[in-house]
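This report refers to the structure that appears directly beneath it.
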Amino acid sequence: MRYREPICFITLSIAAWLCLSVSGEPGASAFSYGTEAGKNDACLACHGDPAQVSKAVFIDTEHFNQTTHARIGCEACHGKVPAAHPDGGKVPRAGCGECHADVDQEYATGLHVKKTSCNGCHNPHLVQSPKEVSGQEINAMCSNCHNALEMTAKHGEWLPQSELHLRMLPCITCHTGAKEYYISMYIVKSKNDSLFGKQEVAGYDELKRISGGNEIVSLIDKNRDNYVSLEELRLFNRSQSSLRLHGMMTPVAVSHKFEILDDRRNCTFCHTSGPALMQTSFIAVPEADGSYSRVPVEKGAVLDALYGTPDFYMMGSTKNNALNKIGLAIICGGLIMPVGHGFVRFLTRKNRNPKEHKS
């Protein structure tokens, strides 16, 4: 059931009030979730305390409170909890398809449907939108089943520099039918501040410390206008000794139909996509709740491989169809003279042979 329209929230408020009133009476048959203002409090009072519940049912309240599921409330998925809970009675669980029918149908047509359910990849108490998670986190979900070293070797059978490609792309970029992409840049840092070690996405606490307690985005967005210009990008990359920007080509719309697509094995799928692909980019800034916010970057910034994005450049990204046509016209024009001259000589060969013989 969806609780997205205002009338639904009003109904939910009345239901919660009635539930609270009834639960105090003898023979009450429903569990009280709390008031509308703190509708999850009754549940989280126990489930948010690791001392009271097992690890299997513990909920990290700091992260959960930022999710969509927290906003619609525990009762949206766990309705009609017995009054005897937690001592008795099974707690109901809603199926994901009740709210996400379109995703459920799409997932059913992919390769994973026989392998795992939604919970195999998504913790329902930590769900965030695709824009709020990093590409590395997406790949970390995949690596729960697909060993990273094995996947690198498997892709290496046909993909040059497979380790580099898998590091610069979320798995869903190639294994879903996405058609539009943007470049998402994450702030990365290696251990011991080395520029040559393995670089990982820097966390909120570490970047907050480096920024001196200021907003993390201020490390790049110097004028705090929530927009990163090419000059600000250059300044960041020139001035930072330990931080870098790691770019990943990410789908605009996420699909749950996971599949193996033959056209992704063709280098031209990415490397002749033209400059439009490279025009849109964002800085992904970590937040205290574990999510990411996106700050737009000046269009075309990732084409500045020397100073703007020294660690990200896609070969063929400057390919331009108009320039291709102009170049083809120049080549054809250059061929007209020798080909035309040769063709004329061929047609007049009989007239020239006696004269050339006599000379």
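The values are calculated or read from the model by the stated rules, or taken from the named source; none is laboratory data. Note that the coordinates shown come from a computational prediction; the quantities given were computed from them, not determined experimentally. Every residue, glycine among them, receives a Cβ derived from its backbone with ideal geometry; neighbour counts consider all protein chains shown. Quick note on the areas: whole protein, heavy atoms, side chains included, nothing else; ligands and nucleic acids left out. Shrake-Rupley method; radii C 1.70, N 1.55, O 1.52, S 1.80 Å.
Using the beta-carbon distance between GLU200 and GLN105 and R0 = 51 Å, what value does 1/(1 + (r/R0)^6) give for FRET efficiency, to the nearest 0.05?
About 0.90, to the nearest 0.05.
Hey, can you grab everything whose amide H is under 5 Å from the amide H of TYR182? Only 5+ residues off in sequence or another chain; H modelled, so Pro and N-termini drop out.
For TYR182, whose amide H was placed from the backbone, the distant partners under 5 Å are THR250, VAL252.
So how do PHE64, PHE282 rank on accessible area, 1.4 Å probe, biggest first, that is with the largest at the start?
Reading off the accessible areas and sorting them downward yields PHE282, PHE64.
Please give the FRET efficiency for ASP289 paired with ILE260, using the beta carbon to beta carbon distance and R0 = 41 Å, rounded to the nearest 0.05.
Efficiency at R0 = 41 Å is approximately 0.70.
How far, in nm, would the chain grow between LYS131 and CYS332 when pulled straight, counting 0.36 nm per residue and subtracting the alpha carbon separation?
Length gained between LYS131 and CYS332: 67.7 nm.
Rounded to the nearest 0.05, what FRET efficiency is calculated for THR68 and CYS142 with R0 set to 22 Å and r the Cβ-Cβ distance?
Details: r = 22 Å, r/R0 = 1.02.
FRET efficiency, THR68 to CYS142: 0.50.
Sequence neighbours fewer than 8 away in the same chain don't count; with that in mind, list the lysines whose C-alpha is under 25 Å from LYS90.
List returned: LYS39, LYS55, LYS80.
Could you order the peptides 131-143, 175-187 from most to least packed, using the average number of other C-beta atoms within 10 Å per residue?
Packing order, densest peptide first, comes out as 175-187, 131-143.
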